[in-house]
1. Kindly write out, for region 18-29 in residue order, the coupling ³J(HN,Hα) from the Karplus curve 6.51 cos²θ - 1.76 cosθ + 1.60 (θ = phi - 60°), rounded to whole Hz, with x marking Gly and Pro.
2. Can you give the longest stretch of the chain with no exposed loop site, where a site means trypsin sites (Lys or Arg not before Pro) in a DSSP loop (not H, G, I, E or B) with at most 10 other C-beta atoms within 10 Å?
3. Along the charge dipole of the chain, Cβ charges K/R +1 and D/E -1, which of His45, Ile78, Ile10 sits furthest on the positive end?
4. Summing Lys, Arg as +1 and Asp, Glu as -1, what charge do residues with Cβ under 10 Å from the Cβ of Trp65 carry, Trp65 excluded?
5. Please work out which option in [x] -0.31, -0.43; [y] -0.41, -0.55; [z] -0.37, -0.49 gives log10 I(q)/I(0) by the Debye sum over Cα atoms at q = 0.11, 0.13 Å⁻¹ calculated from these coordinates, and answer with its label.
6. Whose amide H sits under 5 Å from the amide H of Gly62, counting only residues 5 or more places off or on another chain, with H placed in the peptide plane?
7. Given a 1.4 Å probe, how much area per residue of the chain is accessible, in Å²?
8. Could you give me the ³J(HN,Hα) list for region 36-50, computed from phi with Karplus coefficients 6.51, -1.76, 1.60 and θ = phi - 60°, whole Hz, x at Gly and Pro?
Amino acid sequence: MITSMIEAQIPQAQEVAVTDDTLQVELSDGRAISVPLAWYPRLVHATRQERDNWEFIGKGQGIRWPDLDEDLSVEGLIAGRPSGESQRSFKRWLETKARGP
């Protein structure tokens, strides 16, 4: 029996835009992904300034919002995976955010 392996190449993120409703990511292979912002509660509860303060991590393999302690992978976006954060963790984060710096 002959077995072949197909190695999937995950494209890199090249541009990011966050609107009131969506997270949009342009990829190095020409695709653009748009997912509901509701999938990522920390982004939903962020200020415009916090949403706009993002950086690429892993040479475009992911996106990080340092003010929100939120990291998303391109692989997860392509797979359609929403946030895996527990309600308990998110509630704790919201309480900390409400208290301020």
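1. Couplings: 10, 9, 5, 10, 9, 10, 10, 10, 8, 10, 5, 8 Hz.
2. Working: sites that count: Arg31, Lys59.
Looking at the chain, 60-101 is the longest stretch - no exposed trypsin sites (Lys or Arg not before Pro) with at most 10 other Cβ atoms within 10 Å.
3. Towards the positive end, the residue furthest out is His45.
4. On the way: positive: Arg42, Arg51, Arg64; negative: Glu50, Asp52, Glu55, Asp67, Asp69, Glu70, Asp71.
It works out to a net charge of -4.
5. Correct label is [z].
6. Close amide H contacts, sequence-distant or interchain: Ala13, Ile57, Val74.
7. On the way: 6950 Å² over 101 residues.
So the chain comes to 69 Å² accessible per residue, rounded to a whole number.
8. Those phi angles translate into x, 4, 4, 5, 10, x, 5, 6, 4, 8, 8, 7, 4, 4, 5 Hz.
The values are calculated or read from the model by the stated rules, or taken from the named source; none is laboratory data. It should be emphasised that the depicted structure is a prediction, and the values quoted were computed from it without experimental measurement. Every residue, glycine among them, receives a Cβ derived from its backbone with ideal geometry; neighbour counts consider all protein chains shown. Surface areas here come from the heavy atoms of the whole protein model, side chains and all, with no ligands, DNA or RNA. Shrake-Rupley method; radii C 1.70, N 1.55, O 1.52, S 1.80 Å.
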